[in-house]
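The structure appears below as structure tokens.
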Amino acid sequence: MSTADSEQSKSARGTAARMRQAKARRKRLIALGVAGISTALVAVGAGVLLQKQQEISKSTPQNAIGENAPVERNWPAAWASNASARPLGTEINGITCDAAEGVVEHTHQYLNFVVDGKTVYAPANVGINPQGPCLYWLHSHSPDGIIHVEAPQKRSFVLGQFLDIWRSTNTVDQNLLSSVVAAAKPSQVWLNGSLYQGNPWEIPLTEKAQITVVYGKPITQPVPFTFPSGL
């Protein structure tokens, strides 16, 4: 083989080697590109999934009792609205406003609200119409949290009935508290020192029942109440 042929053969082999190297580089670049796209797609997918989970979390009501976890109960906020359309003395849930206190069913309960750590009570004269004068079977005399049940017949009552009477005998002072508790559902409801898991509207007003309705930060335990002697 001549020198010219040898040089030409070497040149051809070099060109072929360079072509193979270039092809190999293209394959590596393609592989890296595919891997990069796959990684990007995984990252985007994970981001979309995380965003979706966050949206679901925000839209899903929390049922657990605890901080920032409102209790999902049948606790209508409408009870706190002004019910001036209902004249004072009108029968409410089968409860009339009588000229004298009933003596057949005579019990007392303690009801307090804890709003962001502060204890507040229903005002005095809930269920009492001084213009009548008349008293509903469920009423309060003082802003001390004591509910007076004084009915002319033997029957059971629930907390929701007292709240309805409170709403219907609303005044400016009474609306001060009712506006606060109407703003949100309670975070906790306690009955006789234990967390109440049922519908608070249906809490029975049994003798010496102690009811605490909490708004805002939950409490670890309500403060026990001592009823005055004579009640």
Task: For Thr226, net neighbour charge (Lys/Arg +1, Asp/Glu -1) across residues whose Cβ lies under 13 Å away - done: 0
Open item on the list: Can you give me the long-range amide H partners of Gly145? Hydrogens built in the peptide plane at 1.01 Å from N, cutoff under 5 Å, separation of 5 or more residues or another chain.
Closed with: Ala122
Open item on the list: Quick query: amide H of Asn93 versus all other amide H atoms, modeled in the peptide plane; which residues come in under 5 Å with a sequence gap of 5 or more or a different chain?
Closed with: none
TODO: Enumerate the amide H contacts of Val158 below 5 Å, restricted to partners 5 or more residues apart or on another chain; note that Pro and chain-start residues carry no placed amide H.
DONE: Leu205
Open item on the list: Quick check on packing: order 208-215, 124-131 by the mean number of other C-beta atoms within 10 Å, highest mean leading.
Closed with: 208-215, 124-131
Task: Sequence ranges 155-161, 201-207, 185-191, 133-139, ranked by mean other-Cβ count within 10 angstrom, highest first - done: 133-139, 185-191, 155-161, 201-207
Task: Among 100-106, 140-146, the order from most to least packed when residues are scored by Cβ within 10 Å on average - done: 140-146, 100-106
Open item on the list: What distance in nm separates the two pseudo spin-label positions at Gln221 and Asn199, each 7 Å out from Cα along the beta-carbon direction?
Closed with: 3.2
Task: For Leu231, Leu195, order by how many other beta-carbon atoms lie within 10 Å, fewest first - done: Leu231, Leu195
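Each reported figure results from applying straightforward, stated rules to the coordinates on display, with no laboratory input. What you see is a predicted model; the values in this text were computed from it and never measured. Methodologically, a virtual Cβ is constructed for each residue, glycine included, from the backbone with ideal geometry; neighbour enumeration extends over all protein chains shown.
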